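Taking it in order: structure first as structure tokens, then the write-up.
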Amino acid sequence: MAEPHCRHFTNRDCEYYPCHGLDGQNCLFCYCPLYFLDCGGDWKLAGGVKDCSDCVKVHDDRGWEFVQAKLKNEISRKKELR
């Protein structure tokens with residue numbers, strides 16, 4: 001089964017493309033929706049700010065699935081805290 005088009009987008013016209021050095025990278029999550037979570041990605045603190053510039057988790061072929069799983073997990077965790 002082919003991947004739905006809504007799960008992958010590459011913006012080759014972007015002045016920063018490829019921002020993570022991945023040819024054909026998934027630009028769907030250009031600004032990561034997991035930024036405020038402990039997402040399991042390859043991030044570091046730089047001057048007290050989360051720096052995700054070395055992370056490609058949301059930009060590879062499994063990015064959409066990774067984001068969906070993390071968001072579903074976070075929603076379940078928040079529901080349990082109520």
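Values in this text are rule-based calculations from the coordinates and carry no lab data. From a predicted model like this one, the values you see are computed outputs, not experimental measurements.
Results, tabulated for the structure shown:
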{"quantity": "q = 0.13, 0.22, 0.23, 0.24 Å⁻¹, the chain: log10 I(q)/I(0) [Debye, one scatterer per Cα]", "calculated": "-0.46, -1.08, -1.14, -1.20"}
{"quantity": "Estimated [θ] at 222 nm from DSSP helical runs (n ≥ 4, -39500 (n - 2.57)) normalised by residues in the chain, nearest 500", "calculated": "-8000 deg cm²/dmol"}
{"quantity": "Mean-position separation - Cα centroids, segment 10-47 and segment 55-82, in angstrom", "calculated": "15 Å"}
{"quantity": "Net lengthening on full extension, residue 6/residue 45 (0.36 nm per residue, minus Cα-Cα)", "calculated": "10.9 nm"}
